[in-house]
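Here's the structure we're looking at; comments come further down.
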C-alpha cells in the first residue's frame, strides 16, 4: 500500500520489501539525529497489521508463540516468534493487547501467511483473526517523543519508542511532534541497537539463539509450542551454530556491502573461506558505516573480518 506521506517534499521511495513508504526525505543524517533526539516520526504503514479478538485469544496465542502471553497485561508490549517444527524462525510479531484485542504488526507481505497458519490452528478456541492492514497503519515515535496518540490509535510502548496502530485515514494528517523521518534513519538506529529483523537477519535456517531473541521474544519457562524442542536443546547445550555480530565498516569505502555479502577472515586473504554474511548495512550519523552480520559460532571474537571487499571490525552481540 502506497503511503500518502510519499507526497511530502523531498520524499524518496524505499525499494524492495519496504516499497510503499519513504526511504528518506532528503537529509538522512538530519533525520537520524531527529530520531535520536526524540523528535519526528517514522512511517511504517507498509507493515502488516493482524488483530486477534475473542475471550480465548491470549490463552490460544500462548500455545502457538514463543513468548509467555497467557497473562499479558493490557497495554504491555512484547515480541514473539512462530517457529517451524525444526525450530527455525518463520514469523516475528510485535504485540500489544488493549484489553479486548491483541494487535500485532509484522513484516510487509507476511500477514497473509501468518493468518493462514493461525486460522489452521483455531480448532475449538473462541478467537477471530483478521487482517487490519487496510484499516490501520503503523507509525513509530522515538523514545522521548512528546507526540500524543490520537483518538482511535492503539499504543505499543517499548524501550526504544512507541509504535502506534493508527487508523489509516488519519495517517496523512498525523502530528508527530516533528517532521516525518524516512525508513533509512529508523534502520540505522535499529542496527545501532542490535535489533534483528525478520528477512534481513534471518534466513531459512535461523534459530532464535543466533540473533539474541532469547528473553526478548522467547520465554524459556513456558509450555509447549512448535519448535520448542530445538530451543530447549540449544539452550541446554549452549552451542548455536551461528551468532549475530555488530560490524564497524571501513569508512573509506564508497559503497556499503549489500545484504548477503560474504564475510571472510581478513588474515585468510581475498580467497579466504566464507565464515558468514552481512545482513543489514547502514550509514550512521555518528558511528559512520556499520552493519549487522551472522558468523559461525567459532569465529574468534577478536578476528578481523572482510565484508565483501570492506574491512570490518566485529563487536559481540550474541556470545559464542
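Being touching a helix residue (DSSP H, G or I) at 6+ places or on another chain (Cβ under 8 Å) and on the phi < 0 side of the Ramachandran plot is the filter here, so list the residues in the stretch 187-213 that pass it.
188, 189, 196, 197, 201, 202, 207, 208, 209
Looking only at the stretch 15-35, residues that are in contact with a helix residue (DSSP H, G or I) (Cβ under 9 Å, 6 or more places away or on another chain), part of a helix (DSSP H, G or I) and either within 19 Å of residue 2 (Cβ to Cβ) or not assigned by TED's automatic domain parsing to the domain that holds residue 182 (or both) come to 1 in all. Applying the set (1) part of a loop (DSSP other than H, G, I, E, B); (2) without any contact (Cβ under 8 Å) to a residue 24 or more places away in the chain to residue 318 leaves exactly one unmet item: (2). Scanning the stretch 110-128 for residues that are under 22 Å from the mean Cα position of the chain (by Cα) and in contact (Cβ under 8 Å) with a residue 12 or more places away in the chain turns up 110, 111, 112, 113, 114, 115, 117, 118. If you check residue 163 against the conditions, is it under 27 Å from residue 137 (Cβ atoms), crowded, with 17+ Cβ neighbours inside 10 Å and without any contact (Cβ under 8 Å) to a residue 40 or more places away in the chain? No.
Residues in the stretch 213-231 include none that are outside any helix (DSSP H, G or I) and closer than 24 Å to residue 33 by Cα.
Each row is one residue, and each column tells you yes or no for (1) touching a helix residue (DSSP H, G or I) at 6+ places or on another chain (Cβ under 7 Å); (2) at pLDDT 95 or above; (3) outside any strand (DSSP E or B); (4) surrounded by 14 or more Cβ atoms within 10 Å (Cβ to Cβ).
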position	(1), (2), (3), (4)
69	yes, yes, yes, yes
72	yes, yes, yes, yes
79	no, yes, no, yes
85	no, yes, yes, no
94	no, yes, no, yes
104	no, yes, no, yes
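Residue 175 fulfils the conditions (1) under 30 Å from residue 118 (Cα atoms); (2) modelled with pLDDT under 95 except for a single criterion, (1). Which one is modelled with the lowest pLDDT among residues in the stretch 234-254 that are touching a helix residue (DSSP H, G or I) at 6+ places or on another chain (Cβ under 7 Å) and either over 24 Å from residue 220 (Cβ atoms) or surrounded by 19 or more Cβ atoms within 10 Å (Cβ to Cβ) (or both)? My answer is 240.
The values are calculated or read from the model by the stated rules, or taken from the named source; none is laboratory data. These figures come from a predicted structure and were not determined experimentally. Cβ atoms come from the backbone with ideal geometry, glycine included; neighbour counts cover every protein chain shown.
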